[in-house]
Each structure stands twice: as C-alpha cells, then as structure tokens.
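Trainee: The structure that follows is given in the form of structure tokens.
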Amino acid sequence: MINNKLLIIVLMPLAIIFSFRPILAAEPLTLESSIDIALKNSIVLNIAKEGTKSASSQKMEAITGFFPKLSTSYSYTQLNEDPFSKFMGIPPGPLSSMNGQEMPVGTRDNYNWVIEAKQPLFAGGAIWANYLANSIGEEAARLEETAKIQDVVQEVKIAYFNILQAQKIQDAANQSVEMLKAHRDVAENFYKVGMIPKNDLLFAEVELANGGQALVRAQNAVELAKSRFNTVLKRDISTPVELVDILSYQPIKQSFEDCLNTARQTRPELKISSLKAEQAGKLVLISQSEYYPALSLIGNYTRFGDEPGVSGSIFKDAESWYVMAVANWNFWEWGKTKFRVDASRAKENQAIEAFKELNDQITLEIKNAYLMLQEAENQISVSQKMIEQAEENFRISEERYKERVATSTEVLDAQTLLTRAKSEYANALGNYNINYVRLQRAMGNIWP
C-alpha cells in the first residue's frame, strides 16, 4: 500500500512541471503597428466614416430624382345621402309627368383606389445639378476621412517619437548619475586619505543628489509620454509600452518649393476646399432652375366601387385611367428666386475666397515646418560636435583630478557640460523627426 504522504510529495513536482507556462515578453511595437492600432480604435475616424456613408446615401438619394415617382392611395367617402338628379323644366308632353321626380345617379358609400406615376421631364436643370452637387459632396466626405486618417497618423508618430526622445534624455541622465557616482567614490577615497577637504566630498554628493533628481524628472517625462501614447491609441493609460527605436537622422532632400508643390497636389484639405467651391456653383444652378417651368408626365389608374373591393357600381365603371402632361411655372414671386440665386452666388464666392485663404495658410504651415526642420538639423550637427568636445573635456578633467592637478568643481562642470550636450542631441534628434512628421502632414503625404 502506497503511503499518501509519499504520493503527495511525488505528485507535487509533477503538478508544478505540467502547470508551468512560459511567460513571453511582449514584442516591442513598431511605428506601423502603432498606427494600425490607432486607426482601428480612433473615434474621430469612425465619425468621418459615418460622414462618408451619409454623403454616399445623399448621392443615391439625388439619383432617384431622375426616375418616376409611384404613389398609391385608398379612400372612403360617405355622403349624407345618395346623390340624385331631379327632373325640372320638361315641356308639356308625355314626359312632363317626370317633373320634380328624383333619379339616383350615385351611391352613398364610395371607395377609391388610385395608383399614380409621375415622371419629371424638365426641372430647369435642378435634378442634374443636385446630383452633381451630391456627387461632389461624396468625394469631399471621402477626402475628409483621408484628412482625419492623416491627423491620427500624425498624432501617433509624434507620440511615438516623443517617447523615444524622452528615453534618450533618460539614458543621458542615467549616464550622468553613473559618472557622478564614480566621481563621488573617487572623492570619498581621496577624503579618507586626507587628499581633499570635506567640502569637496560634500559638493560631489550634492551634485549626485541633483543628478538623481534630474533622473527622476527624466523618468517621469518618459512615463508621461507613454501615457500620451496610450491615449492616442485609445488604450488603457497604464498599458506597458515598449517601442522599436527608430530615432535617426535622415537628411531631407526636398526643397521648400518641392514641398509646396507636393502639398498643392496631395493635401486633402485643399482638395476639399476646392470641391466645396465647385459644389457651391452647382447650388447656384439649382437656384436658377426656378426661373424655368417644370414639365412632368403623369399616369393615373383608378378603381372605384360602392364596396371595399372597389369592383364598381351600377352607376360607374370599376376602373379608369388617364395620361396627362403638366407644366408648372411660378413666374412671379416678388423676386424670391432672384434673392435665392444671389444668396447662392454669394456662398460660391465665399467658398472661392476660403480656398485662397486656406492655400495661404498651408503655404505658411509648410514654411514653418520646413524652417523648424532645418533648425533641428543644424542643432544635430552642433550637438554631435559638442558631445565629442565634452567627452574629451571630461576625460581630461577626470585624469587631471586623479593626478590632483584639477579641482572637483572642474570635473563636475565637465560632466554637466557632457550631460547637457547629450540631452541637447537627444532633443535635436527628436525634434528633427517630429518636425519632419509635421512637414509630411502639411504636404498631405504622411500616410500611406
């Protein structure tokens, strides 16, 4: 018989083995996968998509204006008495006795079922202009959706590069703390053997504490950037974030004029503004259509009866039909049509001027982004040289301090200069990538 305790001891390790599941670390997010997540979760983009659906439906509604309208009605009418005809004024003769007599000519209960088709033949161009206006509206809505996609992509890219920039600054702060610790240790050893006064050691410890505080600020900046990134992606703000580091410097090859020409061809907002001006012109045509008569063709089929089955009566056939051409023309309404045309034309002029104003704004936006990009580019080269000089300066100061020919202050100043140079390089590199994103958005080619 097997001892129960022994069985438990044997089975427990097996249970631990079989219950073990390897915990795989989440792969770092790439910029492309981050954009995909944001586009799937974007509320703004969902709103724009609904706007596109609405515009498409309005276009389909406008198409129906070309086709005949079919309608039907069923009615019941009850008269106060059966309709009759009274014989009056019959001259003397065999029929004169009918004078004053009443003859029924209809029924008290009347049921009617009518089917009518109305085909517009001419509406002064309003139907065609309305279709064109709604077609333009659909295209504008699609471009609005494109613009919103580019806005989301810009937000994701900026949030992504902000994290990488903050992490670079954090790395510089980490390195600063490590160097300050090393210098503090050297100063402590010197103090123990009586080579430096206590003030020098205290000064090194104070600078180490300041470096630690700067590191905390850098860590908080990273966490805040990650929270902002999660917010842009519509994820929980505390979701862990690990990103693929793509922060690099790639010189731009386009001139300002090239960027401006690209924007005029691809910027969705410019196309939208142009389409709105064109759409306003179609609305002018719709208003002008009221100057002309409207022609239509009407076909009518009617069934009648004195019972709900509309199968006729002794006085009237069960069915009848007719075809009729109708012309309607409101030729005088005290200038109503003219005022409507004037209002539509004013809106068209307004849309044209808005397009011109938007073109100027986008030109300025591109100019600003281009200059900021050049500024960051220049700062990158300057910061790289500063790092080389600061590293050499720190190395020399540290060696001189160990040889007791330099003071602790000189070493700490050199270390501060090196940390500042690395932080400025990280800032310049991040700003360059962020301003390039803004330039791409200004040109309208940020995505795909």
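Every number here is computed from the coordinates shown, using simple stated rules; none is lab data. Keep in mind the model is a prediction, meaning the values are calculated, not measured. Methodologically, a virtual Cβ is constructed for each residue, glycine included, from the backbone with ideal geometry; neighbour enumeration extends over all protein chains shown.
Trainee: Val382 to Phe339: FRET efficiency via 1/(1 + (r/R0)^6), r the Cβ-Cβ distance, R0 51 Å, to the nearest 0.05?
Mentor: 0.20
Trainee: Another question, if that's okay. Rounded if a/c is under 1.5, else prolate if a/b is larger than b/c, else oblate: which is segment 194-325, with a ≥ b ≥ c the root eigenvalues of its Cα gyration tensor?
Mentor: Prolate, because a/c is 1.5 or more and a/b exceeds b/c.
Trainee: Let me ask you something else. Kindly express, to the nearest 10 degrees and within the range 0 to 90, the angle between helix 31-41's C-alpha long axis and the longest C-alpha principal axis of the chain.
Mentor: Once rounded, one gets 40 degrees.
Trainee: Please give the Cα centre distance for segment 243-279 versus segment 284-359, rounded to the nearest Å.
Mentor: Going from one Cα centre to the other spans 45 Å.
Trainee: Let me ask something else. Taking Cα centroids, how far is segment 391-417 from segment 113-169 in Å?
Mentor: Each part's Cα centre sits 63 Å from the other's.
Trainee: How far, in nm, would the chain grow between Glu178 and Lys316 when pulled straight, counting 0.36 nm per residue and subtracting the alpha carbon separation?
Mentor: Here the segment from Glu178 to Lys316 would lengthen by 38.8 nm.
Trainee: Compute the helix-to-body angle for 4-19: its Cα long axis versus the longest principal axis of the chain, expressed 0 to 90° and rounded to tens.
Mentor: 70
Trainee: Report, in degrees rounded to the nearest 10, the 0 to 90 angle that the Cα long axis of helix 43-63 makes with the longest principal axis of the chain.
Mentor: Computed tilt is about 20 degrees.
Trainee: Follow-up. Under 1.5 on a/c is rounded, so check that first for segment 380-442, then, if it is not, pick prolate when a/b is larger than b/c and oblate when it is not; a ≥ b ≥ c are the square roots of the alpha carbon gyration tensor eigenvalues.
Mentor: prolate
Trainee: Could you tell me the calculated FRET efficiency between Ser75 and Glu357, based on Cβ-Cβ distance and R0 = 51 angstrom, to the nearest 0.05?
Mentor: 0.35
Trainee: Counting other beta carbons within 10 Å of each Cβ, put Phe394, Phe315, Phe67 in order, fewest first.
Mentor: Fewest-to-most Cβ neighbours within 10 Å comes out as Phe67, Phe315, Phe394.
Trainee: Extension gain Lys86-Val323, at 0.36 nm per residue separation less the Cα-Cα distance, in nm?
Mentor: Separation in residues times 0.36 nm, less the Cα-Cα distance, equals 82.0 nm.
Trainee: Looking at segment 352-448, which GluC sites (Glu not before Pro) are DSSP coil and have at most 16 other C-beta atoms within 10 Å of their C-beta?
Mentor: Working: sites: Glu353, Glu357, Glu365, Glu375, Glu377, Glu388, Glu391, Glu392, Glu398, Glu399, Glu403, Glu410, Glu424; in loops: Glu403.
Here the GluC sites (Glu not before Pro) that fit, given the DSSP loop and packing criteria, are Glu403.
Trainee: Okay, next question. Calculated from DSSP H runs of 4 or more alone, at -39500 (n - 2.57) each and per residue, what is the 222 nm mean residue ellipticity of the chain, nearest 500?
Mentor: Here the helix-only value at 222 nm equals -23000 deg cm²/dmol.
Trainee: So which trypsin sites (Lys or Arg not before Pro) in segment 154-262 pass both tests, a DSSP loop state and at most 15 other Cβ atoms within 10 Å of the Cβ?
Mentor: Qualifying residues, ordered by number: Lys234, Arg235, Lys253.
Trainee: For segment 381-429, which trypsin sites (Lys or Arg not before Pro) are both in a DSSP coil and crowded by at most 12 other Cβ atoms within 10 Å?
Mentor: Arg404
Trainee: State the extension gain, in nm to one decimal, for the chain segment bounded by Val105 and Asn445, taking 0.36 nm per residue of separation less the distance between their alpha-carbons. Before the final figure, lay out each step's value.
Mentor: On the way: separation 340, 0.36 × 340 = 122.40 nm, distance 7.97 nm.
Roughly 114.4 nm would be gained on extension.
Trainee: Checking the a/c ratio against 1.5 first, then a/b against b/c, what shape does the Cα gyration tensor give for segment 197-267?
Mentor: Numbers: a/c = 4.28, a/b = 1.84, b/c = 2.33.
Taking the square roots of the gyration eigenvalues as a ≥ b ≥ c, segment 197-267 is oblate.
Trainee: Distance check, please: which entries in Lys168/Lys367; Lys53/Lys367; Lys59/Lys118 exceed 25 angstrom between their Cα atoms?
Mentor: Cα-Cα > 25 Å for Lys168/Lys367; Lys53/Lys367; rest within.
Trainee: Tally the DSSP beta bridges in the chain and give the antiparallel ones as a percent, rounded to 5.
Mentor: 95
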